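**Q** Structure incoming, see below.
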Amino acid sequence: MAIYAIWNNKGGVGKSYLTFQLASEYARQNPNKKVLVVDICPQANSSSMLLGGMDAGETVLTQIHTTQPRRTISGYIEERIRSPYVSPNSGAGYITHVATHNDKIPPNLHLVVGDEQLEMQASRVTGASFPGPPDAWRIVHLWIRELISDIQTSWDNADSCVFIDCNPSFSIYTELALTAAERLLIPFSADGSSKRAVKAVLSLVYGVRLHPGDPQSEFFRELERHRMTLPAIYMYIGNRLTQMYMSSASAFKTVVNEIGDEIWGVWQSSAQTFCIHPNSTATPHSRKTFQNMFQYEINDANSASVVSSALGIPIARLTAGKKEVAGKSITVNQSQLDKQVPNIRTLVENIE
Ligand SMILES: Nc1ncnc2c1ncn2[C@@H]1O[C@H](COP(=O)(O)OP(=O)(O)OP(=O)(O)O)[C@@H](O)[C@H]1O
Ligand SMILES: [Mg+2]
């Protein structure tokens, strides 16, 4: 059992798309395991894709969002705002069985649905961690961990894997997700701001000072104070790098190499923040063995990706041919599928 957070404080790098693809593929490859997606993002993008995409998925989302009691992440958060320091042990009441709504998703995948109400609740969540009992910060930061463990208990602690889709900003919810997670998947794209984001993750989560004299993040200091554990970096996922390669080869290479240098630098200065993959043989000593363990790439699949997310069909299940999306016919080519499906499969095979 492992809990993964998919996070990068840069927006639009593919966190939600990858949560959808990786969780679906993980459930397909591991039919005997329970898979849980916790969508802790107010945009609820991964929920929408899992539940059937822009038409069917959005309809289901609206139905769930307008039914009382609210069986979403916000429903649980609301309960915790009322009972911040004593767990109601009610997490199992907040899951949605995805295949009931979308038959393209394996039956072993469950979801805590994302909800735009999170935005309105945020100040009350922060308010619950201070003032309060001396360890209020710690207890509040364990809400999502408790949600997950309630669900796992309801599954008799069967073998499971959890994916948490985070919103980009370093909000209170991202903090809760990171204290719940054991491992971190960091998607990035090939642009200059991704390079900065690689460093930002380090300073926000692991207290690394980017410049001498910089203060350490409050999140990191509180974690230390409460002796709580941090998630370990499991993978950097270069997402949609090839598309940019096609458009601008040399500029692309420069940027990707610089990001690669940055990540390699992270390993050299902070190897303890990484999770050595138990499947692999040894601690990496060269840049090549490091990249084999910690750096993966997901290609852009163009229209196939659009159709996959719009219809809520995991890309590994999508077939070539004409598809109808919002009343328009879109053709999915086999060559598009061949670009991305093997990446998703291999990446998931390396998720333990
Ligand atoms: N590998 C890919 N191939 C093709 N399209 C992709 C790929 N990854 C992401 N996309 C598309 O890029 C867009 C942004 O992705 P996504 O919404 O997953 O990013 P995000 O990091 O979750 O954004 P936010 O920070 O707003 O939460 C979406 O339209 C998504 O479908
Ligand atoms: Mg997102």
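**Q** Given the conditions (1) surrounded by fewer than 24 Cβ atoms within 10 Å (Cβ to Cβ); (2) within 15 Å of ligand 1 (Cβ to nearest atom); (3) under 29 Å from TYR206 (Cβ atoms), which single one is not true for ILE3?
**A** In the conditions (1) surrounded by fewer than 24 Cβ atoms within 10 Å (Cβ to Cβ); (2) within 15 Å of ligand 1 (Cβ to nearest atom); (3) under 29 Å from TYR206 (Cβ atoms), ILE3 misses (2) alone.
**Q** Any residue in region 298-322 that is at pLDDT 95 or above sitting within a Cβ distance under 6 Å of a residue that is charged (D, E, K, R)? List the pairs, counting only those 6 or more apart or interchain.
**A** Listed by first residue and then by second, the contacts come to VAL307/LYS323; ILE313/LYS104; ALA316/GLU25; ARG317/LYS104.
**Q** Something else: Taking the options SER160, SER154, SER171, name whichever one is within 16 Å of ligand 2 (Cβ to nearest atom) and more than 18 Å from VAL86 (Cβ to Cβ). Lay out the reasoning, then the answer.
**A** Details: SER160 fails: within 16 Å of ligand 2 (Cβ to nearest atom); SER154 fails: within 16 Å of ligand 2 (Cβ to nearest atom).
The unique qualifying residue is SER171.
**Q** Could you list, in sequence order, all residues of region 10-36 that are within 12 Å of ligand 2 (Cβ to nearest atom) and either charged (D, E, K, R) or closer than 18 Å to MET235 by Cβ (or both)? Don't jump to the end; show me each part of the working.
**A** Applying the first criterion (within 12 Å of ligand 2 (Cβ to nearest atom)) to region 10-36 yields 10-20.
Scanning region 10-36 gives LYS10, VAL13, GLY14, LYS15, SER16, TYR17, LEU18, THR19, PHE20.
**Q** Restricting to region 50-94, count the residues that are assigned to a loop (DSSP other than H, G, I, E, B) and among the hydrophobic types (A, V, I, L, M, F, W, C). So that I can check it myself, show each step before the final result.
**A** First, pick out the residues of region 50-94 that are assigned to a loop (DSSP other than H, G, I, E, B): 51-52, 66-72, 83-90.
From what is left, the residues that are among the hydrophobic types (A, V, I, L, M, F, W, C) are 51, 86.
Summing the residues that are assigned to a loop (DSSP other than H, G, I, E, B) and among the hydrophobic types (A, V, I, L, M, F, W, C) in region 50-94 gives 2.
**Q** In addition: Return a yes/no flag: does region 32-49 have any residue that is part of a loop (DSSP other than H, G, I, E, B) and more than 16 Å from ligand 1 (Cβ to nearest atom).
**A** Start the filter on region 32-49 by keeping residues that are part of a loop (DSSP other than H, G, I, E, B), which leaves 32-33, 40-44.
Next, only the ones that are more than 16 Å from ligand 1 (Cβ to nearest atom) stay: 32-33.
Yes, because at least one residue in region 32-49 is part of a loop (DSSP other than H, G, I, E, B) and more than 16 Å from ligand 1 (Cβ to nearest atom).
**Q** Right, another one. Looking only at region 307-316, filter to residues that are assigned to a helix (DSSP H, G or I) and within 16 Å of ligand 2 (Cβ to nearest atom); which one of those is surrounded by the most Cβ atoms within 10 Å (Cβ to Cβ)? Before you say what the answer is, go through the steps one by one.
**A** Taking region 307-316 as the starting set, the residues that turn out to be assigned to a helix (DSSP H, G or I) are 307-311, 315-316.
From the residues that got through so far, the ones that are within 16 Å of ligand 2 (Cβ to nearest atom) too are 308-310.
Working: SER308: 29, SER309: 23, ALA310: 21.
Filtering region 307-316 for residues that are assigned to a helix (DSSP H, G or I) and within 16 Å of ligand 2 (Cβ to nearest atom), the one surrounded by the most Cβ atoms within 10 Å (Cβ to Cβ) comes out as SER308.
**Q** Only one of these is within 16 Å of LYS10 (Cβ to Cβ), over 18 Å from the mean Cα position of the chain (by Cα) and surrounded by 15 or more Cβ atoms within 10 Å (Cβ to Cβ): SER203, SER171. Name it. Please lay out each step first, then the result.
**A** Details: SER171 fails: over 18 Å from the mean Cα position of the chain (by Cα).
The conditions single out SER203.
**Q** Scanning for something buried (at least 16 other Cβ atoms within 10 Å of the Cβ) and within 21 Å of the chain's Cα centre (by Cα), does region 317-337 turn up at least one residue?
**A** No, because not a single residue in region 317-337 is buried (at least 16 other Cβ atoms within 10 Å of the Cβ) and within 21 Å of the chain's Cα centre (by Cα).
**Q** Any residue at all in region 180-193 that's within 16 Å of ligand 1 (Cβ to nearest atom), free of Cβ contacts under 8 Å to residues at least 60 places away in the same chain and within 19 Å of the chain's Cα centre (by Cα)?
**A** no
**Q** Would you check which residues across region 18-31 are within 26 Å of GLY75 (Cβ to Cβ), touching a Pro at 6+ places or on another chain (Cβ under 8 Å) and within 16 Å of ligand 1 (Cβ to nearest atom) and list them? It would help to see each step written out before you state the result.
**A** First, the residues of region 18-31 that are within 26 Å of GLY75 (Cβ to Cβ): 18-20, 22-24, 26-27.
The next check asks that each one be touching a Pro at 6+ places or on another chain (Cβ under 8 Å); those that pass are 18, 20, 24, 27.
Passing the criteria: LEU18, PHE20, SER24.
**Q** Still on this structure, please answer the following. Which residue pairs have Cβ atoms under 6 Å apart, sit 6 or more places apart or on different chains, and have a first residue in region 3-28 that is closer than 17 Å to PHE170 by Cβ and a second that is in a loop (DSSP other than H, G, I, E, B) and within 9 Å of ligand 1 (Cβ to nearest atom)?
**A** ALA5/CYS166; TRP7/CYS166; ASN9/PRO168; GLY11/PRO168; VAL13/SER189
**Q** A follow-up question, please. Pull up region 95-117, narrow it to residues that are among the polar types (S, T, N, Q) and not in a loop (DSSP other than H, G, I, E, B), then point me to the one that is farthest from ASN167 (Cα to Cα). Reasoning before the result, please.
**A** Within region 95-117, the first condition is being among the polar types (S, T, N, Q), and the residues that meet it are 96, 100, 102, 108, 117.
In the following step, the residues that additionally are not in a loop (DSSP other than H, G, I, E, B) were identified as 96, 100, 117.
Details: THR96: 20, THR100: 26, GLN117: 14 Å.
So, considering only residues that are among the polar types (S, T, N, Q) and not in a loop (DSSP other than H, G, I, E, B), the one farthest from ASN167 (Cα to Cα) is THR100.
**Q** Based on what the data block shows, is GLU58 buried (at least 21 other Cβ atoms within 10 Å of the Cβ) and away from ligand 1 (no atom under 11 Å from the Cβ)? Give the steps one after another, and end with the answer.
**A** Values: buried (at least 21 other Cβ atoms within 10 Å of the Cβ): no; away from ligand 1 (no atom under 11 Å from the Cβ): yes.
Criteria not met by GLU58.
**Q** Would you point out which residue out of ILE77, ILE73 is more than 16 Å from ligand 1 (Cβ to nearest atom) and crowded, with 21+ Cβ neighbours inside 10 Å? I'd like the intermediate steps shown before the answer.
**A** Working: ILE73 fails: more than 16 Å from ligand 1 (Cβ to nearest atom).
Exactly one residue qualifies, and that residue is ILE77.
**Q** Enumerate the pairs (first residue in region 164-178 and farther than 16 Å from VAL37 by Cβ; second residue anywhere and away from ligand 1 (no atom under 11 Å from the Cβ)) with beta-carbon separation below 6 Å, excluding pairs fewer than 6 apart on the same chain, so at least 6 apart or on different chains.
**A** Correct list of pairs: PHE170/LEU204; ILE172/ALA122; ILE172/VAL125; ILE172/THR126; GLU175/PHE219; LEU178/ALA5; LEU178/PRO231.
The values are calculated or read from the model by the stated rules, or taken from the named source; none is laboratory data. If you're wondering where the values come from, they're calculated on a predicted model, not measured in any experiment. Cβ atoms come from the backbone with ideal geometry, glycine included; neighbour counts cover every protein chain shown.
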